[in-house]
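Novice: Supplied in structure tokens, the structure appears directly below.
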Amino acid sequence: MTTYIGVLRAINLGAYNKIAMSDLRVMLETLGFEDPKTLLLSGNIIFKTGTGSSAKLESMLEAASTKHLKVTTDYFVRSAKEWQAIVDENPFKKEAKSDPGHLLMMCLRDAPMPAQVKALQESITGREMVKAKGRHAYFVYPDGVGRSKLTIQKIEKALGTRGTARNWNTVLKLAELAQ
């Protein structure tokens, strides 16, 4: 059995894409996943299964959400080992310690090309910083995400792929729960 972490995109945002975490856990059990857990209301899941790759699990979960929960959304699934690598490879170690609430990690559907990351970095007009490695990007928002012009729409357009982000505190808590 492999432990996986999944993060859902754009759920429970006001009245948009409402999912009860208890319903999400029931769906995971219905799919045959073992020991399903959720963290917070923003759609963070931990489960165990012996079948499938991350990509196969993403497709399966997306279809199941549409069918069982009546919500169509993206899932980004990583094994616990991959998630630990995300933690270990964080390029913003100082910010992770001093201001983890303003450090975000974004799971991406596809790895962006270096030129796409560079173009995004060059487009930043504020104090934000970004670095990417594989299918993950790390963002520092020293002045907060809410007022930043570095939006999810701008990021996805520049990188040419979809994603969803979690703050560093959540990233670490998910790694802990997956142990």
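The values are calculated or read from the model by the stated rules, or taken from the named source; none is laboratory data. The structure presented is a predicted model; accordingly, all values stated were derived computationally and were not measured. Quick reminder, even Gly has a Cβ in these numbers, built from the backbone with ideal geometry, and neighbours come from all protein chains shown.
Novice: Could you give every pair whose Cβ atoms fall below 9 Å, whose first residue belongs to the stretch 58-83 and is farther than 13 Å from L8 by Cα, and whose second residue is of a type in the set (D, E) and buried (at least 17 other Cβ atoms within 10 Å of the Cβ), counting only separations of at least 6 or pairs across chains?
Specialist: Note: no pairs meet the criteria.
Novice: Name the single residue that is surrounded by the fewest Cβ atoms within 10 Å (Cβ to Cβ) among those in the stretch 1-12 being over 15 Å from T164 (Cβ atoms) and either among the aromatic types (F, W, Y) or modelled with pLDDT of 95 or more (or both). Before you say what the answer is, go through the steps one by one.
Specialist: As a first pass, look at the stretch 1-12 and keep what is over 15 Å from T164 (Cβ atoms): 1-4.
Of the ones still in play, those that are also either among the aromatic types (F, W, Y) or modelled with pLDDT of 95 or more (or both) are 2-4.
Working: T2: 15, T3: 17, Y4: 23.
Among them, the one singled out is T2.
Novice: Separate question: I'd like the full set of residues that are in a helix (DSSP H, G or I), touching a strand residue (DSSP E or B) at 6+ places or on another chain (Cβ under 8 Å), within 19 Å of E82 (Cα to Cα) and not aromatic (F, W, Y), limited to the stretch 144-171. Before you say what the answer is, go through the steps one by one.
Specialist: Taking the stretch 144-171 first, the residues in a helix (DSSP H, G or I) are 152-159, 168-171.
Right, trim to touching a strand residue (DSSP E or B) at 6+ places or on another chain (Cβ under 8 Å) and you get 152, 155-156, 159, 168, 170-171.
Remaining after also requiring within 19 Å of E82 (Cα to Cα): 168, 170-171.
T170, V171 - these are the residues of the stretch 144-171 that are in a helix (DSSP H, G or I), touching a strand residue (DSSP E or B) at 6+ places or on another chain (Cβ under 8 Å), within 19 Å of E82 (Cα to Cα) and not aromatic (F, W, Y).
Novice: Tell me yes or no: at least one residue of the stretch 53-71 is farther than 17 Å from L108 by Cα and assigned to a strand (DSSP E or B). It would help to see each step written out before you state the result.
Specialist: Within the stretch 53-71, the subset farther than 17 Å from L108 by Cα is 60, 63-71.
In the following step, the residues that additionally are assigned to a strand (DSSP E or B) were identified as none.
No, there is no match, as no residue in the stretch 53-71 is farther than 17 Å from L108 by Cα and assigned to a strand (DSSP E or B).
One line per residue, one yes/no per condition, for (1) out of contact with any Pro (no Cβ under 9 Å at 6 or more places or on another chain); (2) at pLDDT 95 or above; (3) surrounded by fewer than 17 Cβ atoms within 10 Å (Cβ to Cβ); (4) assigned by TED's automatic domain parsing to the domain that holds K173:
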residue	(1), (2), (3), (4)
G14	yes, no, yes, no
M21	yes, no, no, no
V26	no, yes, yes, no
N44	yes, yes, no, no
T51	yes, no, yes, no
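Novice: Quick one: which of K157, K94, K67 is surrounded by fewer than 18 Cβ atoms within 10 Å (Cβ to Cβ), charged (D, E, K, R) and assigned by TED's automatic domain parsing to the domain that holds T38? So that I can check it myself, show each step before the final result.
Specialist: Values: K157 fails: assigned by TED's automatic domain parsing to the domain that holds T38; K94 fails: assigned by TED's automatic domain parsing to the domain that holds T38.
Of the residues listed, the single one that is surrounded by fewer than 18 Cβ atoms within 10 Å (Cβ to Cβ), charged (D, E, K, R) and assigned by TED's automatic domain parsing to the domain that holds T38 is K67.
Novice: Restricting to the stretch 135-154, give me the number of residues that are more than 18 Å from G101 (Cα to Cα), crowded, with 18+ Cβ neighbours inside 10 Å and touching a Ser or Thr at 6+ places or on another chain (Cβ under 8 Å). Quick ask: steps written out before the conclusion?
Specialist: Just the residues of the stretch 135-154 that are more than 18 Å from G101 (Cα to Cα), to begin with: 135, 153-154.
Subsequent filtering for residues that are crowded, with 18+ Cβ neighbours inside 10 Å retains 135.
If we keep only those that are touching a Ser or Thr at 6+ places or on another chain (Cβ under 8 Å) as well, we get none.
Residues flagged as more than 18 Å from G101 (Cα to Cα), crowded, with 18+ Cβ neighbours inside 10 Å and touching a Ser or Thr at 6+ places or on another chain (Cβ under 8 Å) within the stretch 135-154 amount to 0.
Novice: Considering (1) surrounded by fewer than 18 Cβ atoms within 10 Å (Cβ to Cβ); (2) in a strand (DSSP E or B); (3) among the aliphatic types (A, V, I, L, M), say which one A132 fails and leave the rest.
Specialist: (1)
Novice: Among the candidates L104, L174, single out the residue that is touching a residue at least 60 places away in the same chain (Cβ under 8 Å) and part of a helix (DSSP H, G or I).
Specialist: Numbers: L104 fails: part of a helix (DSSP H, G or I).
So the residue among L104, L174 that is touching a residue at least 60 places away in the same chain (Cβ under 8 Å) and part of a helix (DSSP H, G or I) is L174.
Novice: Just give me the residues in the stretch 27-42 being over 20 Å from the mean Cα position of the chain (by Cα), touching a residue at least 12 places away in the same chain (Cβ under 8 Å) and not in a strand (DSSP E or B), in sequence order.
Specialist: Matches in the stretch 27-42: T30, L31, G32.
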